[in-house]
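Below: one structure, written as structure tokens.
The values are calculated or read from the model by the stated rules, or taken from the named source; none is laboratory data. Since we're looking at a predicted model, the values are computed, not measured. Here the Cβ is made from the backbone with ideal geometry for all residues, glycine too, and neighbour counts use every protein chain on show. To get the accessible areas, we keep the full protein, side chains included, count just its heavy atoms, and leave off ligands, DNA and RNA. Shrake-Rupley method; radii C 1.70, N 1.55, O 1.52, S 1.80 Å.
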Amino acid sequence: MTHRARKHARKVVIVDDDVQVVTMLDRFLTERQFDVVTFVRPIEALRFLAHCRADAILADVRMPGMSGIEFLREARMSRSAARVVLMSGYPTLGSVREGIEHGADDFLSKPLSLDQVEKALLGTRVFAGSVLEDMAGAACPSPESHHGLDASTGSPEIDAAVAVADDLLAS
């Protein structure tokens, strides 16, 4: 764990097993006056969150020992009210949906746009522009194999993004 405190800054917890990603995000967010705490093991981040408040959490989806979705579920069970942004180099509609169902506020695809990271952490939803546009360029499964994303998330922005994804899959 590393921690760089800033007076009156928003506290961001970064959880990713890729040290290069953690280092890049730590430098970028520290320059932007965020109070950054980093972890390469999700279980250590959960221990920290059990005793310390965070304004936002940026977590990778694919990590050894505990996925970002499992981490999110545990963080939400511990009553963390932090804004949670998941990130993945391999986003799928299934992982996006599962993240949203478990309380993710946003979902970014890697390689990361640092501007999108900052916007997502500050509360500007970048979900549709980050993951779904990346997925639109990928081969879509046949309509017969698509079962749809029927559940409403309660967020008009994410519901609209999911509707776009459904339309892409149906075409």
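A few remarks follow.
- Single residue of segment 106-125 satisfying the filter (modelled with pLDDT of 90 or more and either assigned to a loop (DSSP other than H, G, I, E, B) or within 14 Å of VAL61 (Cβ to Cβ) (or both)) that is most open to solvent (accessible area, probe 1.4 Å): PRO111
- Residue in segment 64-77 that is on the phi < 0 side of the Ramachandran plot, open to solvent by 10 Å² or more (accessible area, probe 1.4 Å) and modelled with pLDDT under 90 present: yes
- Yes/no for PHE71 being under 18 Å from ALA9 (Cα atoms) and aromatic (Phe, Trp, Tyr): no
- Test set (1) of a type outside the set (D, E, K, R); (2) in a helix (DSSP H, G or I); (3) crowded, with 19+ Cβ neighbours inside 10 Å - GLY94 fails condition number: (3)
- The set of residues in segment 26-36 that are surrounded by fewer than 23 Cβ atoms within 10 Å (Cβ to Cβ) and either in contact with a strand residue (DSSP E or B) (Cβ under 7 Å, 6 or more places away or on another chain) or assigned to a helix (DSSP H, G or I) (or both) comprises ASP26, ARG27, PHE28, THR30, GLU31, ASP35.
- Look at segment 72-98: where a residue is more than 21 Å from LYS119 (Cα to Cα) and a partner is modelled with pLDDT under 85, sitting 6+ places away or on another chain with Cβ atoms under 6 Å, you get LEU93/ALA165.
- Filter result for MET87 (farther than 21 Å from MET24 by Cα and surrounded by 15 or more Cβ atoms within 10 Å (Cβ to Cβ)): no
- So ILE43, is it free of Cβ contacts under 8 Å to residues at least 40 places away in the same chain, touching a strand residue (DSSP E or B) at 6+ places or on another chain (Cβ under 8 Å) and assigned to a helix (DSSP H, G or I): no
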